[in-house]
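Each remark here refers to the structure printed beneath this line.
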Amino acid sequence: MNPTRRSFLAGLSAMAVAPVLVACGSEDESSTSGGSTGTGAEPAADAFPVTIEHKFGETTIEKAPTRVVCVGLTEQDALLAVGVVPLAVTKWFGEAPGFIFPWATDALGDGELPEVLDSTNGIEVEKVASFAPDLIIGQYAGITEKEYELLSKIAPVVAQSGGYADYGAPWDEMALTIGRAVGQEPKMQEIVDDVKAQIAKAASDNPEFAGKTAMCVTPYEGLFIYGPEDPRSRMLMDLGFEFPTEVFGGKQEEFGTSLSAERTSDLAKVDVAVWLDIEADKAVKSVFDKTTTAKEGRWFDISADAGAYYVAHSFVTPLSIPYVLERYVPQLAAAVDGDPATVPPVSAE
């Protein structure tokens, strides 16, 4: 079974509702705050107009935006990284005031918390319009053509790339696109280069990752495998691991595939299994417990109990990646050695 990305992410958000405390207040309080957009640096004089290609064609932004709304799930991080505070962001999973999480609070600074949109039943177009935005961004998104047409009547829309599956573009390409859209491409390039250097260092510091297979999996309609274009899988490959196509087939859906619970036994052929919420399905866990991967300790679980780290692992943004590497790399290193006596550390906040 290959669920649509939007339906899968909605299902994931329903399972994962762990609270993540990052500041005083609550989501409801942030939703009535009104929001504001500010920029930490002036755009380059020649940054506008700028034309950006995307899944539905191209969009031209004539001048520096001052009222930005995010209809994708993680764009707020890239915006905050270059000093732009969005008026509204879109709820995914976890809980935090304004959906600004610990790795992004420093970048928010004294900025006003964004209001929060809910895309469970599709983009709230009328609510988006109520903010009178001059830019709408949806990079880690599954904007439909109809939604794009409606949103385009409100403001310029920078939709997801057409070169990848929805929600499947590399984090750095999404970040740079967002940087271009707000006139901050040079600053975003510096940030991206720095984060990529941190990933490269983690890979070089752990040469044992190279050539080993690894994948992210979760119990969802049986066993859900995050595919090779999913940001979580891309991160494993950036750290030196390989995606086990020889086990799960080269025709796997880019963002992932649901298999029967019995197929969990195939994880015996994978060097490292990164689970998300393994305890969510006892039947899946019981099959996995019998595999050599489980018995040799070549796995660990990142559950909702891990709080902010649990959310950060799925965000994969310029702000979340350094936060994740601190916690993720030691877990991977402990799992890859195949020694069950080496217990991967439990990481939380």
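The values are calculated or read from the model by the stated rules, or taken from the named source; none is laboratory data. Just so you know, these numbers come straight off a predicted model, no measurement behind them. Using ideal geometry, Cβ is built from the backbone for each residue, glycine included, and neighbour counts are taken over all protein chains shown.
Values for this structure:
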item: Residues (over 29 Å from Val71 (Cβ atoms), touching a helix residue (DSSP H, G or I) at 6+ places or on another chain (Cβ under 9 Å) and among the hydrophobic types (A, V, I, L, M, F, W, C)) located in segment 172-214; result: Ala200, Ala202, Ala203, Phe209, Ala210, Ala214
item: Where a residue in segment 82-105 is of a type in the set (D, E, K, R) and its partner, wherever it lies, is buried (at least 24 other Cβ atoms within 10 Å of the Cβ), with Cβ under 7 Å and at least six apart; result: Lys91/Phe99
item: Flag if Ser265 is farther than 28 Å from Lys91 by Cα, modelled with pLDDT under 95, outside the structural domain of Trp103 (by TED's automatic domain parsing) and over 23 Å from the mean Cα position of the chain (by Cα); result: no
item: Any pair with Cβ under 6 angstrom, 6 or more apart, that starts in segment 293-318 at a residue that is basic (Lys, Arg) and ends at one that is assigned to a helix (DSSP H, G or I); result: Arg298/Ala335
item: Residues of segment 67-118 satisfying the condition of being within 14 Å of Tyr140 (Cβ to Cβ) and among the acidic types (Asp, Glu); result: Glu75, Asp77
item: Of all residues making up segment 189-238, the number that are within 22 Å of Thr177 (Cβ to Cβ) and part of a loop (DSSP other than H, G, I, E, B); result: 4
item: Test: residue in segment 227-245 that is polar (S, T, N, Q), more than 18 Å from Thr74 (Cβ to Cβ) and surrounded by 20 or more Cβ atoms within 10 Å (Cβ to Cβ); result: no
item: Selection count, segment 239-249, where residues are in a loop (DSSP other than H, G, I, E, B) and more than 23 Å from Tyr140 (Cβ to Cβ); result: 3
item: Selection status of Glu112, closer than 18 Å to Ala159 by Cα, more than 14 Å from the chain's Cα centre (by Cα) and not polar (S, T, N, Q); result: no
item: Boolean, Asp289 is surrounded by fewer than 17 Cβ atoms within 10 Å (Cβ to Cβ), under 19 Å from the mean Cα position of the chain (by Cα) and among the acidic types (Asp, Glu); result: no
item: Candidates Val329, Val274 - the one that is touching a residue at least 60 places away in the same chain (Cβ under 8 Å), outside the structural domain of Phe99 (by TED's automatic domain parsing) and not in a helix (DSSP H, G or I); result: Val274
item: Some residue of segment 238-246 being at negative phi and small (Gly, Ala, Ser); result: no
item: Segment 106-140, residues that are under 23 Å from Glu95 (Cβ atoms) and among the charged types (D, E, K, R); result: Asp106, Asp110, Glu112, Glu115, Asp118, Glu124, Lys127
item: Condition check for Ala155: crowded, with 20+ Cβ neighbours inside 10 Å, outside the structural domain of Gly227 (by TED's automatic domain parsing), in contact with a Pro (Cβ under 6 Å, 6 or more places away or on another chain) and farther than 28 Å from Thr257 by Cα; result: yes
item: Options Gly168, Gly179: the member that is part of a helix (DSSP H, G or I), out of contact with any Ser or Thr (no Cβ under 8 Å at 6 or more places or on another chain) and in the same structural domain as Gly138 (by TED's automatic domain parsing); result: Gly179
item: In segment 275-290, the residues that are within 16 Å of Cys216 (Cα to Cα) and out of contact with any Pro (no Cβ under 8 Å at 6 or more places or on another chain); result: Trp275, Leu276, Glu279, Phe288
item: Restricting segment 112-134 to residues that are surrounded by fewer than 20 Cβ atoms within 10 Å (Cβ to Cβ) and in a loop (DSSP other than H, G, I, E, B), the residue that is modelled with the lowest pLDDT; result: Asn121
item: Among residues of segment 146-172, those that are more than 21 Å from Trp92 (Cα to Cα) and either at pLDDT below 95 or not hydrophobic (A, V, I, L, M, F, W, C) (or both), counted; result: 7
